[in-house]
Amino acid sequence: MDWSALPYARALSPGGPGSALPAAARTASQLVLDPDLAAELISEAYLPVRVRPQHAGTDFQMQMAVLLVGTMTAGVLTVAASSRITAEETEQFHLNVTLRGHAVSRRRGAGRIVTDAGGGVLFDPGQDADILWSDDCSQLCLMIPRETLESEIAALLGRTVSKPLAFTPHLRLDSLAGRLLAPLVQVLVSELHGPSAVQRFPSVGRHLEGLVLDALLLGQRHNYTDLLDRPSSAARTPIQHAVELIHSRPEHPWTTVGLAQEVHLSVRALQEGFRRHHDLPPMAYLREVRLLRAHRLLLGADPDGLQVQDVAAGLGFKHHGRFSTLYRERFGEPPSATLSRSPS
């Protein structure tokens, strides 16, 4: 993926200085010509920072656009000339993904991390941040509230977490782990560049945020990764709960969204969990359960006392014709043939 081709502000253009960010809103891309104002804008959107140009006599230019996505703050920051940004004691999780140029990041316990396009750095809460941007550097900067991520990992594990969540700091979007996150980076940058569905429809923002959370928790290594990957761990609990709901109420008009809400998972986490443990999407698993249940009912029914359409309707199949087609594909005969072979 050529991250430099994404539709963020590719070049800084003349314009007036920015103004303070309104709370809980999207800001149009704005050009900032003063490093102190840049620090003020970043501080209002993210956390208190200092911004220092690295080349004496060079005019400072920074372009910035920010959007709230659920509880997460997303923004693209672009500088024309090398600049350094420092912050003390982050309170939330921060992910900075380099889109163009390169950045040198330092965080406690990780030393110096150099990222070019497609590389990212995660800062856990309590970390000091020190980032040196190259000339013509652009980054997607995400701030995720600590309680949001820790609630999501608790939902994935099926229990509360006893220790603070801590990530491996360096990631690559072109790695196996980063592939879950890569398409979401493209969506976020597009949302910041053009008309925003997130701004118009808050539910879209919450869904997109859930996808980002699960991409990080399932793709990027952290101190609970082994528990998530352990077959016998409590990580299966939410998926097992979903399976139990399907088996206990196969006739219910389940949807992926409704099932995810019932077991307190995001849609992405539910889908990943079913693929991991059952090799099927949730709705395909539901269909299989319904068909197997119908097969057993038809085999044991009185042909003179039960109609095929009654079995189909009782298991949540709304269209008799569609049920008959799926049944034939699964068992090699129409449901009426199975019923006719039942003991009378």
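The values are calculated or read from the model by the stated rules, or taken from the named source; none is laboratory data. Quantities reported herein were computed from a predicted structural model and do not represent experimental measurements. Cβ sites come from the backbone with ideal geometry, for glycine too, and all protein chains shown count toward neighbours.
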Practice problem: Please give the number of the condition residue 245 fails out of (1) at pLDDT 90 or above; (2) within 30 Å of residue 316 (Cβ to Cβ); (3) of a type outside the set (Lys, Arg); (4) surrounded by 18 or more Cβ atoms within 10 Å (Cβ to Cβ). | Solution: (4)
Practice problem: State the number of residues belonging to region 39-57 that are over 20 Å from the mean Cα position of the chain (by Cα), touching a residue at least 24 places away in the same chain (Cβ under 8 Å) and assigned to a loop (DSSP other than H, G, I, E, B). | Solution: 5
Quiz item: From the residues in region 132-148 that are touching a residue at least 12 places away in the same chain (Cβ under 8 Å) and under 27 Å from residue 261 (Cβ atoms), which one is surrounded by the most Cβ atoms within 10 Å (Cβ to Cβ)?
Solution: 142
Quiz item: If we only count helices (runs of 4 or more DSSP H) wholly inside region 240-336, which ones have 3 or more residues that are over 30 Å from residue 159 (Cα atoms) and of a type in the set (Phe, Trp, Tyr)?
Solution: 320-331
Quiz prompt | Options 312, 284, 337, 294: the member that is without any contact (Cβ under 8 Å) to a residue 40 or more places away in the chain and crowded, with 20+ Cβ neighbours inside 10 Å | solution = 312
Practice problem: Answer with yes or no whether residue 66 is outside any loop (DSSP other than H, G, I, E, B), touching a strand residue (DSSP E or B) at 6+ places or on another chain (Cβ under 6 Å) and surrounded by fewer than 19 Cβ atoms within 10 Å (Cβ to Cβ). | Solution: no
Quiz prompt | Only one of 286, 299, 280, 291 that is in contact with a helix residue (DSSP H, G or I) (Cβ under 8 Å, 6 or more places away or on another chain), in the same structural domain as residue 340 (by TED's automatic domain parsing) and under 12 Å from residue 338 (Cα atoms) | solution = 299
Quiz item: Among the candidates 203, 151, 162, which residue alone is without any contact (Cβ under 8 Å) to a residue 12 or more places away in the chain and part of a loop (DSSP other than H, G, I, E, B)?
Solution: 162
